[in-house]
Amino acid sequence: MGIEIGLYVHIPFCRSKCAYCDFASVAGREHLWRPYLDVLLAEIAAIPPLRPITLYVGGGTPTLWPAEYLTAVIEAVRSAGLPAGAEATVEANPGTVDEAKLAALRRAGYNRISLGVQSTQEANLRLLGRIHSYAEAGDAVRWARAAGFDNLSIDLISGLPGQTVAEWQTDLARALELESEHLSAYGLSLEEGTPLAAAVARGALPEPDADIWADMYLSTEEILAAAGYRHYEISNWASAPDALPPDPGAARQATRAPRDWVRRSGPAARLLTCGHNLIYWRNEPYLGLGSGAHSSLQGKRFARLADPAAYVAARPADRVSFMEEIGPSLEMAETAILGLRLVAGLERDRFRHRFGPDPVEWFREPVSWAQGHGLLEYDDYAVYLTQRGRLLSNEVFQRLLPTTEP
Ligand code: SF4
């Protein structure tokens, strides 16, 4: 039996580059689409004996591609062992879909769609350099529903330059009208080299304010909880499936078996969290195919060439641009950091089973520091961030990293 993996497939092409984006993506380059697909299909065919249990097709803008290309991808992944009914997500940009394309993607077997809405206000969509309006996002949701997608996620970005808490609350209120099963709300990160960062640096736009962003985050927790969403990761909320009990303690327990959730399928056990991302947050094995994709497998982490032209031209063995061994103490620290991102926390039992020591003992100093500052708590079952800890998570995470690898 091969190792179970989450499979990520990267489609690096976009219509134009957004003002905040430093992802591995390029505008245009249509001439590369077909050769890039051929490379991907060959890589997917080589996946076994690894066994994909989730598929996530991200980008870039996967839906810039014709539906036939994305159909070829999922068919190849199924041939490589993705079980029927397993979670298969495709990212979609509202400016690149229509009813027919979404229907074709659903027919092909994608059963989850992640829609990059980002903002519901035209001025902020223009600021971000998005190619779509909010009205188009609404159309995309309607078409996705008509196509039969019953697991839909929406991405929003908070903390934009000049954005007020009231504006953000309007974004949330409008996003709630779209009735998605899942919501990701990320804080804007100003990345060096992007037009947005340059505009802030030269004073053309105000610097995002950390205190205002903290207020946005707290109001996100409040508004989404009131609307019935379950906060399950620092930046992610899922509509509460029937399987989850209402009290927070029991809810923490219920989010503890992602692999079982991933394996289950069908209406009796609908997966409203993102099963694929839960694999990342559990620090379990995943394989990324395509330019710029990252993998973590069998004690190694590796990344592939970021430039799609170089990627297509390279021999298979030369497509990996970076590889490092993950020593035991780094793996333990990363497992703790990723696990603490989950509201359910880092499961002590699971950690002991995987590594031997108990995490509260192993990380005694940082745990005690974070607990003393009101950032972290633990019980018999898990170590978890408090609300204040979720706001200041990097303060905790950096203290968990080993200073030297033995
Ligand atoms: S659509 Fe996504 S990947 Fe493409 S440029 Fe915009 S933010 Fe970047």
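Any read-out appearing in this document is the output of simple, stated calculations on the displayed coordinates, not a laboratory observation. Quick caveat, the model's predicted, so the values are computed rather than measured. With ideal geometry, Cβ positions are generated from the backbone for all residues, glycine too; neighbour counts draw on all protein chains shown.
Some points to look at:
- Cα pair count fraction exceeding 15 Å, expressed as % - the stretch 329-400: 43 percent
- Taking every alpha-carbon pair under 8 Å whose residues sit at least 6 apart, the stretch 329-400 reaches a relative contact order of 33 percent.
- Between the listed residues I5, P35, T61, the Cα displaced farthest toward the positive end of the dipole of the stretch 1-61, a dipole computed from Cβ unit charges relative to the Cα centre, is found at T61.
- All-pairs Cα distance distribution in the stretch 288-351, expressed in whole percent, bin size 10 Å: 20, 36, 27, 15, 2
- Note, ³J(HN,Hα) from phi for the stretch 94-102, Karplus 6.51, -1.76, 1.60, rounded to Hz, x at Gly and Pro: x, x, 10, 10, 9, 4, 5, 5, 5
- When you count the other C-beta atoms within 10 angstrom of each residue and take the mean per peptide, 390-398, 130-138 line up highest first as 130-138, 390-398.
- Sorting F322, F363 by the number of Cβ atoms found within 10 Å of their own Cβ, with the fewest placed first, yields F322, F363.
- Each of R202, R354, R304, R364 has some number of other Cβ atoms within 10 Å of its Cβ, and from fewest to most they run R202, R364, R354, R304.
- Computed from backbone phi with θ = phi - 60° and the Karplus coefficients 6.51, -1.76 and 1.60, the 3J(HN,Hα) list for the stretch 20-27 is 9, 8, 10, 6, 6, 8, 9, 7 Hz; x is used for glycine and proline.
- Estimated distance in nm for a label pair at E122 and D22, the labels positioned 7 Å out from Cα along Cα-to-Cβ: 3.2 nm
- Rounded to 0.05, the FRET efficiency of the H31 and E192 pair, given R0 = 22 Å and the Cβ-Cβ distance, is 0.15.
- Legend note: in the chain, cysteines whose Cβ sits 4.7 Å or more from every other cysteine Cβ are C14, C274.
- Per-peptide average of other Cβ atoms within 10 Å, ordering 219-232, 175-188 highest first: 175-188, 219-232
- Shape box of the stretch 9-119 [Cα atoms, principal axes, largest first, Å]: 40, 26, 23
- Per residue, the convex hull volume that the Cα atoms of the chain enclose (Å³): 145 Å³
- Over the chain, relative contact order from alpha-carbon pairs under 8 Å, at least 6 apart, %: 15 percent
- Annotation: amide H of G81 has no partner in the under-5 Å range at sequence separation 5 or more or interchain, hydrogens built in the peptide plane.
- Relative to the Cα centre, the charge distribution of the stretch 1-111, modelled as +1 at Lys and Arg Cβ and -1 at Asp and Glu Cβ, gives a dipole magnitude of about 80 debye.
- The helix-based estimate of mean residue ellipticity at 222 nm for the chain, built from -39,500 (n - 2.57) per DSSP H run of four or more residues and divided by its residue count, is -12000 deg cm²/dmol to the nearest 500.
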